[in-house]
Amino acid sequence: MAALVAGTPWMRIRVIPEFAPPFIFRRHFRRNFSVRASIDSDAPVRVRFAPSPTGNLHVGGARTALFNYLFARSKGGKFVLRIEDTDLERSTRESEEAVLRDLAWLGLDWDEGPVVGGDYGPYRQSERNSMYKQYAEKLLESGHVYRCFCSNEELEKMKEIAELKKLPPVYSGKWATAADGEVEEELAKGTPYTYRFRVPKEGSLKINDLIRGEALILLDSVMKVSWKLDTLGDFVIMRSNGQPVYNFCVTVDDATMAISHVIRAEEHLPNTLRQALIYKALGFPMPSFAHVSLILAPDRSKLSKRHGATSVGQYRDMGYLPQAMVNYLALLGWGDGTENEFFTIDQLVEKFSIGRVNKSGAVFDSTKLRWMNGQHLRAIPFEELSQLIGERWKSTGLLTESEGPFVDDAVQLLKDGIDLVTDSDTALSNLLSYPVHATLTSPEGRPIVEDKLSEVSAHLLAAYDSGELFGALEEGPAGWQKWVKGFGKTLKRKGKSLFMPLRVLLTGKLHGPDMGSSVILIYKAGNHGIVSPQAGFLTLKERFEILRQLDWEALNQDHPALESAATISN
């Protein structure tokens, strides 16, 4: 028979065989049991993201936060942020602030937690020690926990013996059966002790998981993950210095904060076993679990620093947009069942389902992330995009102004070749540069030189000297097109035989954005003085002086290429 134990309005625990928590472990008591959490569909959803402030926010942690956020928002629930700073030596307030900053940058606003507060605080584990001690004492009184006076040397010896016997390195249970007199003697001597949790010696524990395991019968759509208890051993919940252990803190925090769903990385699966035992011992209703697979590198190993940038802050500094990062992270292990890959945050909230999260690991593809960022960048309203890139150009010293007609025209011309905001620096620098000599002496430039380029150059210089060319450029695109048409008729050239020589002579490159728009923009840059001196810009006037001094006879002679045009014709 199974006993149903009432919990909060949103959950019940099913315990087999028939006993209801809290219960007292007797020495040598053997039992076989299973624990199952079931959720009331009408109950409020409360999820949490609980980072450790010991470093930067990893993209894996950001995806976990995102899945929690999307689940909460899609269910009309609460997204709680809790700082797990029990590692006092490594935790820093600077790291915490960086994590909060990265989450805010991604747009994952939390309903409760640091800064915003809430009814279940404090939201830093370092500020909740009195609560942990209270529940540890409760477990001690009920017999679920006992004092362990083993020294570090004794524990190491147990581990060595277990290794020799090829057994799991679990605690031997020396103090689990100690007489009261032995315990009182050690207390009187002031011997340091830890609190150890009594683990049943037989049986297995099955945890409902919304992502992993074998599906149950049709009436129950959740998943199972199962462990054998004899591989665990009695584990510590409070250290000898009075500091609580991670698994104990997490359980108490999730229970007292009424967390209904725990969505976290699969590396926490082993922790779930210990936490489930603590839930049951304290009589807490157990949340529903969902363990998300790890993010993998292209070689299918765990993504790490050796594979390049891995933190959210690094990608922000590299010029990635928060909406692109959110979109890409959501697709690492989740999809809406269609071919669509482009989602706004609101669309993700609308479509997200934990049931569509994959069990297998997702490979982090930096090339695809860059492509996706370009898609989001070009989806930004033009006025906002121009402001974003204009401010970038001014801050990097390319331009003296961040807005105006020149900036708008440059953004309009170059945006299709920009995937990251930082790409705009290279795009504008390429437009402003004039590597004509390197292009003409490259293997790719030789056919153009040999196609009577000197004659085209002479006619172009004549159009410049007469003021005809600048007059056409002053009229804008219409003036340029009219001039080019007449220039081609004079030379009896059209198509590639006309435009390639003009591109090389006017821009100094073999390839680039629309030539007419480029030349007009270069002309405007020379007139308006918006380009900073350090940008290396050559005006059209300066370019024509270079063309006037070119030694065409030398260029037409065979000689080794000075450099490949591939490096100069972005």
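The values are calculated or read from the model by the stated rules, or taken from the named source; none is laboratory data. Fair warning: this is a prediction, and the values are worked out from it, not measured in the lab. Methodologically, a virtual Cβ is constructed for each residue, glycine included, from the backbone with ideal geometry; neighbour enumeration extends over all protein chains shown. We work out accessible area using only protein heavy atoms, side chains counted, and drop any ligands, DNA or RNA first. Shrake-Rupley method; radii C 1.70, N 1.55, O 1.52, S 1.80 Å.
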Hey, among the residues in the stretch 457-481 that are of a type outside the set (Ser, Thr, Tyr), assigned to a helix (DSSP H, G or I) and farther than 13 Å from Val519 by Cβ, which one's nearest to the chain's Cα centre (by Cα)? Ala478
Quick check on the stretch 56-91: of everything there that is open to solvent by 30 Å² or more (accessible area, probe 1.4 Å) and either under 19 Å from the mean Cα position of the chain (by Cα) or more than 17 Å from Pro244 (Cβ to Cβ) (or both), which residue is modelled with the lowest pLDDT? Asn56
How many residues, within the stretch 490-526, are within 14 Å of Gly445 (Cα to Cα) and among the small types (Gly, Ala, Ser)? 2
Within the stretch 92-99, is there a residue that is surrounded by 19 or more Cβ atoms within 10 Å (Cβ to Cβ), free of Cβ contacts under 8 Å to residues at least 60 places away in the same chain and of a type in the set (A, V, I, L, M)? yes
Inter-residue pairs, beta-carbon under 8 Å, first farther than 17 Å from Leu469 by Cα and in the stretch 482-497, second open to solvent by 50 Å² or more (accessible area, probe 1.4 Å), 6+ apart: Ser497/Asp451
Can you say whether Lys228 is under 19 Å from Ile278 (Cα atoms), among the charged types (D, E, K, R) and at pLDDT below 75, as far as the supplied structure shows? yes
Which one is farthest from Met325 (Cα to Cα), of the residues in the stretch 42-77 that are touching a Pro at 6+ places or on another chain (Cβ under 7 Å) and in a loop (DSSP other than H, G, I, E, B)? Ala43
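Of the residues Val436, Val421, which single one is aliphatic (A, V, I, L, M), in contact with a Gly (Cβ under 6 Å, 6 or more places away or on another chain) and more than 18 Å from Gly512 (Cα to Cα)?
Result of the check over Val436, Val421: Val421.
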Looking at the stretch 466-477, which of its residues are open to solvent by less than 60 Å² (accessible area, probe 1.4 Å) and farther than 14 Å from Leu506 by Cα? Gly467, Gly471, Ala472, Gly476
Considering only the stretch 508-518, state which residues are over 19 Å from Val449 (Cα atoms) and touching a Lys or Arg at 6+ places or on another chain (Cβ under 9 Å). Ser518
Might you let me know whether the stretch 162-178 holds any residue that is under 30 Å from Arg73 (Cβ atoms) and of a type outside the set (S, T, N, Q)? no
Counting only residues that are at pLDDT 95 or above, in a helix (DSSP H, G or I) and open to solvent by 10 Å² or more (accessible area, probe 1.4 Å), how many does the stretch 249-281 have? 2
Taking only pairs six or more apart or across chains, which ones have beta-carbon atoms under 8 Å, a first residue in the stretch 438-465 that is open to solvent by 60 Å² or more (accessible area, probe 1.4 Å), and a second residue that is small (Gly, Ala, Ser)? Pro443/Ala561; Pro443/Ser564; Pro443/Ala565; Glu444/Ser564; Glu444/Ala565; Glu444/Ala566; Glu444/Ser569; Asp451/Ser497
Does Gly143 count as touching an Asp or Glu at 6+ places or on another chain (Cβ under 9 Å) and on the phi > 0 side of the Ramachandran plot? no
Please work out which one of (1) assigned to a helix (DSSP H, G or I); (2) open to solvent by 10 Å² or more (accessible area, probe 1.4 Å) is the condition Leu348 fails and give its number. (2)
Single residue of Asp299, Asp317, Asp336, Asp346 found to be within 15 Å of the chain's Cα centre (by Cα) and charged (D, E, K, R): Asp317
Which residues, taken from the stretch 522-554, are out of contact with any strand residue (DSSP E or B) (no Cβ under 7 Å at 6 or more places or on another chain), in contact (Cβ under 8 Å) with a residue 60 or more places away in the chain and either part of a strand (DSSP E or B) or of a type in the set (Gly, Ala, Ser) (or both)? Gly529, Ala535, Gly536
